[in-house]
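Peer 1: Handing you this structure, nothing more for now.
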Amino acid sequence: MKMGSTPRPRSTGRIFLPQLMEGSGKAGLGCALDCGAGIGRITKRLLLPMFKVVDMVDVTESFLTKAKAHLGEEGNRVGNYYCCGLQDFVPQPQRYDVIWIQWVIGHLTDAHLIQFLKRCQKGLRPNGIICVKDNVSQEGVIEDEVDSSVCRDLPSLRNIVRLAGLHVLAEEKQDNFPDEIYQVYSLALR
């Protein structure tokens, strides 16, 4: 499979995320941030059904404009639409119960990703979590010459998490992917 074409099967976020939200010491349901939000598919299908308020950040202004139409009435619960690249985005301190980052980390260098995760950590409320869902290579870091993105293997990704001062709370491999394409993992970080 080419790096630029990412499979989009049914999200395991509906299973993965609620497991992290139940019981004492777990993340709250007040506010979430959708990073690399695009037109708001994750905001609409996963985050708005769970959270009172969702903020969206994407580098493409036209996607955020389309998101307002795509979300319909539910879009009234989007607090902020931020047009910004993640390498420059600074989450508001202690605002978020969950920061959801899906299929965008490959567009960040290791250094940018480490710094972004550090800033995200400061944006979390007590017991908040950062969720990263992305393609994972079998071995090493694979560069896509077409769009200059990368696909990291799990050891590389775990090392970046460690260097950002975070640890992995939970990890899940998405099932039902053919062997010839990148696997998809969800990681919950704190």
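The values are calculated or read from the model by the stated rules, or taken from the named source; none is laboratory data. This is a predicted model, so every value here is computed, not measured. Glycine also receives a Cβ, built like all others from the backbone with ideal geometry; neighbour counts cover every protein chain displayed. The accessibility values were calculated without ligands, DNA or RNA, using every heavy atom of the protein model including side chains. Shrake-Rupley method; radii C 1.70, N 1.55, O 1.52, S 1.80 Å.
Peer 1: If you plug each phi of the range 135-147 into the Karplus form 6.51 cos²θ - 1.76 cosθ + 1.60 with θ = phi - 60°, what whole-Hz ³J(HN,Hα) values come out, in order, with x for Gly and Pro?
Peer 2: Karplus-based 3J(HN,Hα) across the range 135-147 equals 5, 9, 7, 6, 7, x, 10, 10, 8, 9, 5, 6, 10 Hz.
Peer 1: Now, a different point. Given that just one value was derived from the coordinates, which of (1) 154; (2) 125; (3) 108 is volume of the Cα convex hull per residue in Å³?
Peer 2: Read-out taken from this structure: (3).
Peer 1: Longest exposed-loop-site-free stretch of the chain, with GluC sites (Glu not before Pro), DSSP loop and at most 13 other Cβ within 10 Å?
Peer 2: Formally, the longest exposed-site-free interval is 23-138.
Peer 1: Measuring with a 1.4 Å probe in the full set of protein chains, what accessible area per residue, in whole Å², belongs to the chain?
Peer 2: On a per-residue basis, the chain sits at 50 Å².
Peer 1: Another question, if that's okay. For residue 125, enumerate residues with amide H under 5 Å from its amide H, sequence gap 5+ or separate chain, H modeled in the peptide plane.
Peer 2: Correct list: 95, 96, 97.
Peer 1: Moving on to the next point. How large is ³J(HN,Hα) for each residue in the range 86-93, as worked out from phi by the Karplus curve 6.51 cos²θ - 1.76 cosθ + 1.60 (θ = phi - 60°), to whole Hz, x for Gly and Pro?
Peer 2: 5, 5, 10, 6, 10, x, 4, x
Peer 1: Which percent of Cα pairs goes in each bin when the distances of the range 87-162 are cut into 5 angstrom slices starting at zero?
Peer 2: Calculated over all Cα pairs of the range 87-162, the distribution is 3, 16, 25, 24, 16, 9, 4, 1, 0 percent.
Peer 1: Moving to a separate point now. Please arrange 21, 56 by accessible surface area, largest first, computed with a 1.4 Å probe and ligands excluded. Can you show the working numbers first?
Peer 2: Values: 21 25, 56 0 Å².
Largest to smallest exposure gives the sequence 21, 56.
Peer 1: Also: Apply 1/(1 + (r/R0)^6) to the Cβ-Cβ distance of residue 112 and residue 147, taking R0 = 22 Å, and write down the FRET efficiency to the nearest 0.05. Please list the in-between numbers first.
Peer 2: Working: r = 16 Å, r/R0 = 0.71.
So, using R0 = 22 Å, E works out to roughly 0.90.
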